[in-house]
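Beneath this line is the structure, given in structure tokens, with notes to follow.
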Amino acid sequence: MLFEAIAMAFKYKIVGSIIIFACCSKFDAAKLVRTLNHFDIQTTISCDSNIFKYTHKHRLQGILYIPAYNELDLIPLAYFSNWYKWVIVSDTLPEKLHTVRYDADIILIKPINFNNTQFQNGKVLLDDVFIHPQNGATLHAWAYYHDRALQVIYERERILRRMNLQHFTLKIATPLGLYSNDTYEGSFKDYLQDMSMPERDSGIRSTYITSSLIIERLNATELLIPTQLWSTEVSNSSMLLQLHYGSADLAGGALRIMHSRIKKLDYAMNVWPFHVGFTYLAERESSNNMFIAPFTVMVWYCCLALFAILLVAQRVTAKSSMEKEGAYMAVLATYLQQDASAVPKGISGRWAFLVLSISAMLIHAYYTSAIVSALMSTGRSGPDSLRSLGDSRYSIASEDYDYMRYLMFDVPTNWDDLEYLKRKKMTNDFYKDMKEGVKLIQKGQTAYHTEYNQLYPHLRIFTDDQLCKLQYVDTVPEILSWLTTTKRGQWTDIFKSTGAWLHETGLAKRIVSRIRVRPPPCRAALLAERVNIHDIAPLLALTVGAVVMAVIILALEVLFAKLNKKKLASLHERMNHMLSTLYSSPLLTKNQESAKPEPSTAKPESTPAYETPCQQQYSAPAPVPPVIFIAPQVPPPPTPSYYGDAVRPIEYAYPPTTAPQPAWNYDQYYQQYYQPPPPIYPPAPYPYPPHPCETSYPYPPEYAPSYRPPYPHQPYALPYPPSPSPYLSSTYPRPNEMATRPQYA
């Protein structure tokens, strides 16, 4: 039962293999190995402490210790870390355990008072050994084994117990950075906690505050250890060396993940977005061809071909002459995203117009997006890499930090572009403080190297034009830097756990947001650059040329219109002469003379020039003697449509006043299409029909009735001969005095 409990405890800890560290006879050793092998656990037994050297450093290793002598004194403290799961079978707690690491994972099983009966019916208790650096080792209940099952009861208490350091002192190694008694009145700790100037030593400030929060969360005490250097190893007063040798527990300055540091440090949590590079004032780049640059030549040819294809399709699918004439302008207006009201009537034309609209919309979307991208990407000109910066006219300078000296500029590196820049531009007076570096940037002749977050607040003195001309060349692109601790230290696991808690609660993000400074905005730019007159000069020239061409075309149209007007005037004169000749024939003149009344000697009475039908009596008008004239050969008018469209007579050119008026016998063709006129009734108030002024004969075309008889194929017989129309008299009545036809439901 005891070995069953031991095997279940190792399986709960998820170990890969077991080392039995015990000094016993070979027979007992073989018996122990065979017993544990029954539980499918790979087992090795030895009495030599050198066997720990062959364990895998990245796998959980189980160790069963059965004390016989003081064998634990021979084992290094590194093998009591969290990577080694210990199970000790002993009546008492060994003295060695009071001085082992804080993160040791040890279970103690006391085999006293157990006999065969109790192994079968009793419980095997498993106690957790908690080691505190000041208070030593203590035992706490953790689980028990009963009825072939391991019951873990106090696992959460075991975890929380290790998250409370009980005011143990933890050391924070922090580089001094830019701090000095001359620049700041106060202690170094006050300088790091002063949030009125977050731009100074941003990476140190954010990391130190994060370390302080972790220590506060673990209920420990903080001890600040200032160091002269940050991440270099040229002196013992280096933060990196303090952590590597275990002289400090936490870092006060952020470090990037590098291959040379992985074997020396453990990375607990990411804290700060690190971004370093050169800053300079760039010259404005011309963008006069940006209206053509979005598309390549092949794309422009494709757009032209598509335009031609859709133009032909729109022309072919047009139904009327108006659609055919407007097809060209409709295609052009749609491509230019303007109003195109000439929508075809046919289905094929509408489909072609739909394809045209979609293709024009897509081309316009691609073009506008490419214009925006061109403006945002090619707004300024200047070097964009370290090698091009070395070939440019700019001189270089840098802020004085130890990581810049001993990782970039003062030591040889395997970075070819940086080495090229150093050979071309680096001088003896290379390191400048921040204020002097900002002045050099403002003059426009120097590229200054520093961390961008520390530079942004000093750029407020720049003008808006200078802010828009700022250009950056990165030496270290933006990357997350980390809070570090001792490699495989006894606090590494709880530091990582607490760091994850800071990210989950949002405290880590809040620290960064309080310290990080945004770059000053370029308010003069609309998208990425302000478009000046030189950029749009070619476009303005083309627009002015097109306007001049439009004026020239208008002048030509006016000239052609005048010429056509003269031709039409001469044509009208010839037509009037032909009509005068026709109406003044001998036969027409003779009939007209015979129809003239005899002259009277009496004094003529003054009568009105014209008397409307409503001013006359209700009797029928006097008959008019017939006039003989030569009627043109005109086919009879067609049958009216279903909707009552009137059939208009042929329009004649207006003859001279001396010529007789042509008469058209409407009853000859219209008697079978119109109903007989209604009888004449006494006067009735308008608009109740029949009106007293209504006539009993057909009307001229503009006053034709809007109804039609129910059976147009059956002719109606007139009750009396038709009367001549009044509008064929020598004096025409005005339209507003003509009688109106009554409307019937």
* Asked: Can you spot a residue in region 470-484 that is outside any strand (DSSP E or B) and closer than 30 Å to V512 by Cα?
  -> no
* Structure fact -> Reported set for region 536-560 where residues are modelled with pLDDT under 70, open to solvent by less than 70 Å² (accessible area, probe 1.4 Å) and under 21 Å from I371 (Cβ atoms) is I536, A537, A546
* Structure fact -> Matching residues in region 233-255 (over 13 Å from T485 (Cα atoms) and either touching a strand residue (DSSP E or B) at 6+ places or on another chain (Cβ under 6 Å) or among the small types (G, A, S) (or both)) number 3
* **Filtered residues of region 4-24 (kept if open to solvent by 60 Å² or more (accessible area, probe 1.4 Å) and at pLDDT 85 or above)** => K11, Y12, I14
* Structure fact -> Of the candidates I209, I214, the one satisfying the condition of being within 19 Å of L507 (Cα to Cα), in a helix (DSSP H, G or I), in contact with a helix residue (DSSP H, G or I) (Cβ under 8 Å, 6 or more places away or on another chain) and open to solvent by 10 Å² or more (accessible area, probe 1.4 Å) is I209
* Structure fact -> Flagged in region 436-457 as under 20 Å from M404 (Cβ atoms) and open to solvent by 60 Å² or more (accessible area, probe 1.4 Å), in numbering order, are E436, K439
* Structure fact -> The lone condition L563 fails out of (1) at pLDDT 75 or above; (2) over 21 Å from Y267 (Cβ atoms); (3) open to solvent by 70 Å² or more (accessible area, probe 1.4 Å); (4) touching a Phe, Trp or Tyr at 6+ places or on another chain (Cβ under 9 Å) is (4)
* From the residues in region 397-430 that are open to solvent by 10 Å² or more (accessible area, probe 1.4 Å) and touching a strand residue (DSSP E or B) at 6+ places or on another chain (Cβ under 6 Å), which one is modelled with the lowest pLDDT? -> D402
* Just to be sure, is P226 part of a strand (DSSP E or B), touching a residue at least 60 places away in the same chain (Cβ under 8 Å) and open to solvent by 10 Å² or more (accessible area, probe 1.4 Å)? -> no
* Structure fact -> The number of residues in region 63-82 that are within 19 Å of K110 (Cβ to Cβ) and not in a loop (DSSP other than H, G, I, E, B) is 5
* To do: Name every residue in region 177-189 that is open to solvent by 40 Å² or more (accessible area, probe 1.4 Å) and in a helix (DSSP H, G or I), in order of residue number.
  => K189
* If you go through region 505-535, how many residues are modelled with pLDDT under 65 and aliphatic (A, V, I, L, M)? -> 7
* Asked: Which residue out of D416, D391 is farther than 26 Å from E233 by Cβ and charged (D, E, K, R)?
  -> D391
* Asked: Does L281 meet the test of being open to solvent by less than 50 Å² (accessible area, probe 1.4 Å), closer than 30 Å to Q445 by Cβ and in contact with a strand residue (DSSP E or B) (Cβ under 9 Å, 6 or more places away or on another chain)?
  -> yes
* Asked: Counting only residues that are without any contact (Cβ under 8 Å) to a residue 60 or more places away in the chain and among the hydroxyl-bearing types (S, T, Y), which one in region 85-106 is least open to solvent (accessible area, probe 1.4 Å)?
  -> S90
* Any chance region 190-204 includes a residue that's closer than 25 Å to I511 by Cβ, surrounded by 20 or more Cβ atoms within 10 Å (Cβ to Cβ) and among the small types (G, A, S)? -> yes
* Please determine, by comparing only the residues of region 217-253 that are in contact with a helix residue (DSSP H, G or I) (Cβ under 7 Å, 6 or more places away or on another chain) and of a type in the set (D, E), which one is modelled with the highest pLDDT. => E222
* Going through region 46-82 one residue at a time, which ones are farther than 20 Å from D103 by Cβ, touching a Phe, Trp or Tyr at 6+ places or on another chain (Cβ under 7 Å) and surrounded by fewer than 18 Cβ atoms within 10 Å (Cβ to Cβ)? -> S46
* Asked: Is there a residue being among the β-branched types (V, I, T), exposed (fewer than 15 other Cβ atoms within 10 Å of the Cβ) and not in a loop (DSSP other than H, G, I, E, B) anywhere in region 154-171?
  -> yes
* Can you run down the residue pairs with Cβ atoms below 7 Å, 6 or more apart or on separate chains, where the first is in region 297-314 and under 18 Å from L354 (Cα atoms) and of a type outside the set (G, A, S) and the partner is open to solvent by 100 Å² or more (accessible area, probe 1.4 Å) and part of a helix (DSSP H, G or I)? => L311/Y328
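The values are calculated or read from the model by the stated rules, or taken from the named source; none is laboratory data. Treat the numbers as computed from the prediction; the structure is a model and nothing was measured. Note: ideal-geometry Cβ built from the backbone for every residue, glycine included; neighbour counts use all protein chains shown. To get the accessible areas, we keep the full protein, side chains included, count just its heavy atoms, and leave off ligands, DNA and RNA. Shrake-Rupley method; radii C 1.70, N 1.55, O 1.52, S 1.80 Å.
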